[in-house]
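Peer 1: This is the structure, below, for whatever I ask next.
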Amino acid sequence: MKHPIEKYPIGYALLVVAAVATIGVQHLLAQEAAAELPGYYLTIPWTEGTAADALAQSQAGGTVPMVSYSITASKDGNTYAGVFAGGDFETGVSTKIPVVVVPLKLIIGNSVFDPSKDNSCDGNASALSRFKKSPLVVHSPLTFNGVGVGTTQYSDGFMRAEFWSIINNKFHNYLSPIKYAKEITVTADSSVGTTYSSGCSELGIVSNGAFASFLGGEVTTLQQDGIVSPTEFVIFLVKNLVQSGAEPPTVSNCCILGFHTAQGSPAQTWGIMDYDTSGDFGSGTHDVSVASHEIDEWMNDPLGNNPTPAWGNIGQVSGCQDNFEVGDPLSGTLMPTIDLNGYSYHLQELAFFSWYYNADGVASYGTGGEFSGNGTFKGPSKACPPGGTY
């Protein structure tokens, strides 16, 4: 990805500009009856320290607030330890976690994927304005499995719901303050960028390896310019822009909708999240569903390496994995829509803590005794192999 760097005149954010490539950008034109594209998510674990290191950094005020947990899993009798972002739900701490949202505009040939531009395919609202007015930001009455968990943001409401039977009711993890940086613009040539379909269903696709490396460099530069710090969670917000595991990108090795990660020491946590209005991924992916997946995965596993008993062969996962990613088992499964500011928002259903660690027959901590936010999981995960759920 070519990106000569030039600062904005006011010095608050970065402008990344590249000359449009002289070679033509690949364009994968969807047929009239194109099939749905598969959408999935990644986690890139922190490798520059341990959970204990990050917790010490947090306690010293060097990174976002974090709290440790340890559980002896009834599923297998082993003890698992990790960290959450935020405060201790059992002591009733109310914690504010600063966030910086960085809109990222990407140009591929003649196609522009701009989260700050009004979108005629979405009621002439921009992805950024929809995000700002969504339940991810705005406090609204939230219900999980028929239980009202309070008027709050979705990420906080979900965490309250997953530990409902053991939380102190004063517990909250608020995303606050939320700052919005100036937009970054970058052009991708055909070695790392392509487009799919046209009109309202047009999708930008970039190579994950090159793009993740580019974003990591941007995080470092944003830190150096004083725009972000490890004490803040950074969200790169994009519109109808996803990633391919191939370079150059292909639809056959697609589509990563978002990921979260951490880098450096102290740990700087960040993620990238697509706001989707393309419809290319079917009814289970729309507007802020990707962001709800990534933000709650970060809150439950900010370093991307909280361990669990092996689970899998469910949701987006084929085979087995052993990390605490609350979105992956239910990727593409939505909660009932939440009507807010004149719009019906789509948020992903997520798996509760108890789904990962409990043996069959052991009660869930979650609302309604269920094992996910809208009761899709009635019991815990099955050991993998073979995986699945009770």
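The values are calculated or read from the model by the stated rules, or taken from the named source; none is laboratory data. Nothing here was measured: the structure is a model prediction, and the numbers come from that model. Note that we place each Cβ from the backbone using ideal geometry, even for glycine, and neighbour counts take in every protein chain shown.
Peer 1: Name the residues in region 301-337 that are surrounded by 21 or more Cβ atoms within 10 Å (Cβ to Cβ) and assigned to a strand (DSSP E or B), would you?
Peer 2: Thr308, Pro309, Trp311, Gly312
Peer 1: What's the total number of residues in region 338-354 that are of a type in the set (Gly, Ala, Ser) and crowded, with 21+ Cβ neighbours inside 10 Å?
Peer 2: Within region 338-354, the first condition is being of a type in the set (Gly, Ala, Ser), and the residues that meet it are 342, 344, 351, 354.
Remaining after also requiring crowded, with 21+ Cβ neighbours inside 10 Å: 351, 354.
Qualifying residue count, region 338-354: 2.
Peer 1: I need the strands (runs of 3 or more DSSP E) fully contained in region 128-201, keeping only those with at least 3 residues that are touching a residue at least 40 places away in the same chain (Cβ under 8 Å).
Peer 2: 140-144, 172-180, 184-187, 193-196
Peer 1: Next up: Return yes when Thr95 is among the hydroxyl-bearing types (Ser, Thr, Tyr), modelled with pLDDT of 95 or more, buried (at least 16 other Cβ atoms within 10 Å of the Cβ) and over 29 Å from Tyr196 (Cα atoms) and no when it is not. Step through it out loud before you land on a result.
Peer 2: Numbers: among the hydroxyl-bearing types (Ser, Thr, Tyr): yes; modelled with pLDDT of 95 or more: yes; buried (at least 16 other Cβ atoms within 10 Å of the Cβ): yes; over 29 Å from Tyr196 (Cα atoms): yes.
Yes, satisfied.
Peer 1: Given the options Gly375, Gly368, name the one that is in a loop (DSSP other than H, G, I, E, B) and either under 20 Å from the mean Cα position of the chain (by Cα) or in contact (Cβ under 8 Å) with a residue 24 or more places away in the chain (or both). Give the steps one after another, and end with the answer.
Peer 2: On the way: Gly368 fails: in a loop (DSSP other than H, G, I, E, B).
Selected residue: Gly375, the only one of Gly375, Gly368 that is in a loop (DSSP other than H, G, I, E, B) and either under 20 Å from the mean Cα position of the chain (by Cα) or in contact (Cβ under 8 Å) with a residue 24 or more places away in the chain (or both).
Peer 1: Can Tyr356 be described as under 24 Å from Gly146 (Cβ atoms), touching a residue at least 12 places away in the same chain (Cβ under 8 Å) and under 20 Å from the mean Cα position of the chain (by Cα)?
Peer 2: Details: under 24 Å from Gly146 (Cβ atoms): yes; touching a residue at least 12 places away in the same chain (Cβ under 8 Å): yes; under 20 Å from the mean Cα position of the chain (by Cα): yes.
Against the criterion (under 24 Å from Gly146 (Cβ atoms), touching a residue at least 12 places away in the same chain (Cβ under 8 Å) and under 20 Å from the mean Cα position of the chain (by Cα)), Tyr356 qualifies.
Peer 1: From the list Val112, Val138, exactly one residue is at pLDDT 95 or above, more than 18 Å from the chain's Cα centre (by Cα) and of a type in the set (A, V, I, L, M, F, W, C). Which is it? Reasoning before the result, please.
Peer 2: Working: Val138 fails: more than 18 Å from the chain's Cα centre (by Cα).
One residue alone meets the criteria, Val112.
Peer 1: Now a separate question. Would you check which residues across region 231-250 are closer than 17 Å to Ile108 by Cβ, out of contact with any helix residue (DSSP H, G or I) (no Cβ under 7 Å at 6 or more places or on another chain) and crowded, with 22+ Cβ neighbours inside 10 Å and list them? I'd like the intermediate steps shown before the answer.
Peer 2: From region 231-250, those closer than 17 Å to Ile108 by Cβ are 236, 238-244, 246-250; that's our starting set.
Still in the running and out of contact with any helix residue (DSSP H, G or I) (no Cβ under 7 Å at 6 or more places or on another chain): 238, 240-242, 248-250.
Selection gives Val238, Asn240, Leu241, Val242, Pro249.
Peer 1: Looking for something surrounded by 14 or more Cβ atoms within 10 Å (Cβ to Cβ) and touching a Cys at 6+ places or on another chain (Cβ under 6 Å) - is there at least one such residue anywhere in region 56-67?
Peer 2: At the first step, the residues of region 56-67 found to be surrounded by 14 or more Cβ atoms within 10 Å (Cβ to Cβ) are 56-58, 62-67.
Applying the additional criterion that residues be touching a Cys at 6+ places or on another chain (Cβ under 6 Å) yields none.
No, region 56-67 contains no residue that is surrounded by 14 or more Cβ atoms within 10 Å (Cβ to Cβ) and touching a Cys at 6+ places or on another chain (Cβ under 6 Å).
Peer 1: I would also like to ask the following. Tell me yes or no: at least one residue of region 99-117 is assigned to a loop (DSSP other than H, G, I, E, B), buried (at least 20 other Cβ atoms within 10 Å of the Cβ) and acidic (Asp, Glu).
Peer 2: The initial filter retains those residues of region 99-117 that are assigned to a loop (DSSP other than H, G, I, E, B), namely 109-110, 114-117.
The next check asks that each one be buried (at least 20 other Cβ atoms within 10 Å of the Cβ); those that pass are 109, 114-115.
After this cut, where a residue has to be acidic (Asp, Glu) as well, the list is 114.
Checking region 99-117: at least one residue is assigned to a loop (DSSP other than H, G, I, E, B), buried (at least 20 other Cβ atoms within 10 Å of the Cβ) and acidic (Asp, Glu).
Peer 1: Further question: Against the definition (under 14 Å from the mean Cα position of the chain (by Cα), touching a residue at least 60 places away in the same chain (Cβ under 8 Å) and closer than 18 Å to Glu297 by Cβ), how does Ala267 come out, yes or no? Can you show your working first?
Peer 2: On the way: under 14 Å from the mean Cα position of the chain (by Cα): no; touching a residue at least 60 places away in the same chain (Cβ under 8 Å): yes; closer than 18 Å to Glu297 by Cβ: yes.
Against the criterion (under 14 Å from the mean Cα position of the chain (by Cα), touching a residue at least 60 places away in the same chain (Cβ under 8 Å) and closer than 18 Å to Glu297 by Cβ), Ala267 does not qualify.
Peer 1: Which of the residues that make up region 224-264 are small (Gly, Ala, Ser), in contact (Cβ under 8 Å) with a residue 24 or more places away in the chain and either more than 22 Å from Ser155 (Cβ to Cβ) or touching a strand residue (DSSP E or B) at 6+ places or on another chain (Cβ under 6 Å) (or both)?
Peer 2: Here is the first cut: in region 224-264, the residues small (Gly, Ala, Ser) are 226, 229, 244-246, 252, 258, 262, 264.
Still in the running and in contact (Cβ under 8 Å) with a residue 24 or more places away in the chain: 229, 244-246, 258, 262, 264.
Those that are small (Gly, Ala, Ser), in contact (Cβ under 8 Å) with a residue 24 or more places away in the chain and either more than 22 Å from Ser155 (Cβ to Cβ) or touching a strand residue (DSSP E or B) at 6+ places or on another chain (Cβ under 6 Å) (or both): Ser244, Gly245, Ala246, Gly258, Ala262, Gly264.
Peer 1: Which residues, taken from region 338-362, are in contact with an Asp or Glu (Cβ under 7 Å, 6 or more places away or on another chain) and in a loop (DSSP other than H, G, I, E, B)?
Peer 2: First, pick out the residues of region 338-362 that are in contact with an Asp or Glu (Cβ under 7 Å, 6 or more places away or on another chain): 345-346, 350, 352-353.
Listed by number, the residues that qualify are His346, Leu350, Phe352.
Peer 1: Check region 253-265 and report whether any residue there is among the small types (Gly, Ala, Ser), surrounded by fewer than 24 Cβ atoms within 10 Å (Cβ to Cβ) and either in contact with a Gly (Cβ under 8 Å, 6 or more places away or on another chain) or at positive phi (or both).
Peer 2: yes
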